[in-house]
Amino acid sequence: MRDDLSGLTALLAVAEKRSFTAAAKQLRVTPSAVSQSLRVLEERVGVRLLQRTTRSVGLTEAGAHFLDRLQPAMKGVHEAFESLGELRDRPAGVLKLTVPRYGYQEVLAPHLANFLAAHPDIQVEIHLDDALIDIVKRGFDAGIRIGELLDREMIAVQVSNDIRMTVVGSPSYFATHGKPRHPRELRDHDCINYLSRTHGGVSRWDLVDGGKRIEVAVHGRVSLDDVDFMVDAAVDGLGLGFLPETRVQRFVADKRLVRVLEPYCPALPGFFLYYPSRSQVTPKLKALIDFLKKGRRRGAGSGR
């Protein structure tokens, strides 16, 4: 195929210039290289395409017929290469992302409309999945996950602030069970468990005590794999929830949820956009990274 393309390019140049020397100058090769490419092409098709004399070169009847079919096709090839050049320099195409549902709500949803408006040639394909997957094998441009979960072989760019966690319960729950004053007292409470698709089981609660991080295994009769449903369960009085502060703020404000154990609640690593370290960053992905980084800075400045 490479020899065929070389011969076809040489044929077009010779047909245009009517000279091996001029064609070679245009192609930036030697006249002998042009001659060799054409000889290989003629042997390949089994038909003489050029008439050669000591003073001129012209197309045979077969060569002229072949050229009529060849020129539109080669024009299409050149246009295809030009379009690749445009994509290389311009943010365009389908951006395929894997994102957990909570990550979509916190990171992408607030900025997606503005991002698409700023980049009309980009399409975004978002797969909501809490599990860690092989983004290379599955054909994703990038993923968004909590920072502490990422593989070291990935390039990671922080696109959200750290996530402040909080322990909450409803007034009705506390009226019956009382409020815990220390993490060790959680063993006496019904806690709403988070079923992690990442770890394949029930997640422990990451708290801090005396400046040290502690993991607390909690127990309860309700287990869920969705943060929003965990919030609903806490509001309904089904137990204590260990939840991101941003997901419960409005319920705390209208006193449907009450915060407890605040000195023991940490800030966990935020969301990162990640992609393989060996990959070249495409313009469409760079555009998203830059946009989310600016969004993060704006959010930090506004106290979000």
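The values are calculated or read from the model by the stated rules, or taken from the named source; none is laboratory data. What you see is a predicted model; the values in this text were computed from it and never measured. Don't worry about glycine lacking a Cβ; one is built from the backbone with ideal geometry, like all the others, and counts go over all protein chains shown.
Residue-level analysis places P120 outside the set of residues that are closer than 21 Å to G295 by Cα and at pLDDT below 90. Annotation: of all residues in the stretch 190-221 being surrounded by 13 or more Cβ atoms within 10 Å (Cβ to Cβ) and among the acidic types (D, E), the one that is farthest from Y102 (Cα to Cα) is D209.
None of D141, D130 is at pLDDT below 95, closer than 27 Å to V231 by Cβ and not hydroxyl-bearing (S, T, Y) except D130.
Checked against (1) under 21 Å from L150 (Cα atoms); (2) basic (K, R); (3) at pLDDT 95 or above, R204 passes all but a single condition, namely (3).
Select from the stretch 227-265 the residues that are more than 14 Å from V167 (Cβ to Cβ) and not in a helix (DSSP H, G or I) and list them in ascending order. D236, G237, L238, D254, K255, R256, listed by residue number. State whether the residues of the stretch 264-277 include one that is in contact with a Ser or Thr (Cβ under 6 Å, 6 or more places away or on another chain), closer than 29 Å to A142 by Cα and in contact (Cβ under 8 Å) with a residue 12 or more places away in the chain. Looking for residues that are in contact with a Ser or Thr (Cβ under 6 Å, 6 or more places away or on another chain), closer than 29 Å to A142 by Cα and in contact (Cβ under 8 Å) with a residue 12 or more places away in the chain, one finds at least one in the stretch 264-277, hence yes.
Considering only the stretch 144-172, how many residues are at pLDDT 85 or above and in a loop (DSSP other than H, G, I, E, B)? Residues that pass the stated criteria total 5.
Name every residue in the stretch 239-262 that is aliphatic (A, V, I, L, M) and within 19 Å of R181 (Cα to Cα), in order of residue number. Step through it out loud before you land on a result.
As a first pass, look at the stretch 239-262 and keep what is aliphatic (A, V, I, L, M): 240, 243, 248, 252-253, 257-258, 260-261.
The answer is L240, L243, V252, L257, V258, V260, L261.
Look at (1) surrounded by fewer than 20 Cβ atoms within 10 Å (Cβ to Cβ); (2) at pLDDT 95 or above and you find that P266 fails only one, number (2).
Listed conditions (1) among the hydrophobic types (A, V, I, L, M, F, W, C); (2) assigned to a strand (DSSP E or B); (3) over 17 Å from L95 (Cβ atoms) are all met by A175, apart from (2).
Across the stretch 118-137, which residue is nearest to G93 (Cα to Cα) among those that are acidic (D, E) and surrounded by 13 or more Cβ atoms within 10 Å (Cβ to Cβ)? Talk me through it step by step, then tell me what you get.
Here is the first cut: in the stretch 118-137, the residues acidic (D, E) are 121, 125, 129-130, 134.
If we keep only those that are surrounded by 13 or more Cβ atoms within 10 Å (Cβ to Cβ) too, we end up with 121, 129-130.
Numbers: D121: 6, D129: 22, D130: 25 Å.
In this case the residue turns out to be D121.
Take R90 and tell me if it is under 26 Å from P276 (Cα atoms), charged (D, E, K, R) and modelled with pLDDT of 85 or more. No. If you take the residues of the stretch 31-52 that are closer than 14 Å to A15 by Cα and over 49 Å from the mean Cα position of the chain (by Cα), which of them is modelled with the lowest pLDDT? So, considering only residues that are closer than 14 Å to A15 by Cα and over 49 Å from the mean Cα position of the chain (by Cα), the one modelled with the lowest pLDDT is R52.
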